[in-house]
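These notes concern the structure reproduced below.
We did not get these values from a lab; they are worked out from the coordinates using the rules stated. Small disclaimer: the values here were computed from a predicted structure and weren't measured. Every residue, glycine among them, receives a Cβ derived from its backbone with ideal geometry; neighbour counts consider all protein chains shown.
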Amino acid sequence: LEISVRDNGLGISSNGNKTSGDGIGLSNTRARLRHLYGEAHEFELSEPLDGGVMITMTIPFREGNRDEN
């Protein structure tokens, strides 16, 4: 399963902050993905050429049991 989230702002390197993409929220997300999926996941932070930031997560698809109630 691949999930991408993108915005159309200035991006990380152009926003005037010294943010490197290693803040508490992203660190927490990376740690949780590592705990849940080990090496079977990907987490990529990128800056598209036309601006903004895009985060793409790839995790294994696991079909769950359906509760008929």
Mean ellipticity per residue at 222 nm, deg cm²/dmol - from DSSP H runs of n ≥ 4 across the chain, formula -39500 (n - 2.57): -6500 deg cm²/dmol
Structure-derived Rg and Dmax of the Cα atoms in Å: which label, when the choices are [x] 15.3, 52; [y] 18.2, 62; [z] 14.9, 45: [x]
Percentage relative contact order, region 2-58, counting C-alpha pairs under 8 Å, at least six apart: 53
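What stretch of the chain, leaving out the sites themselves, is the longest with no trypsin sites (Lys or Arg not before Pro) in a DSSP loop having at most 16 other Cβ atoms within 10 Å?
Values: sites that count: Lys18, Arg62, Arg66.
It runs 19-61.
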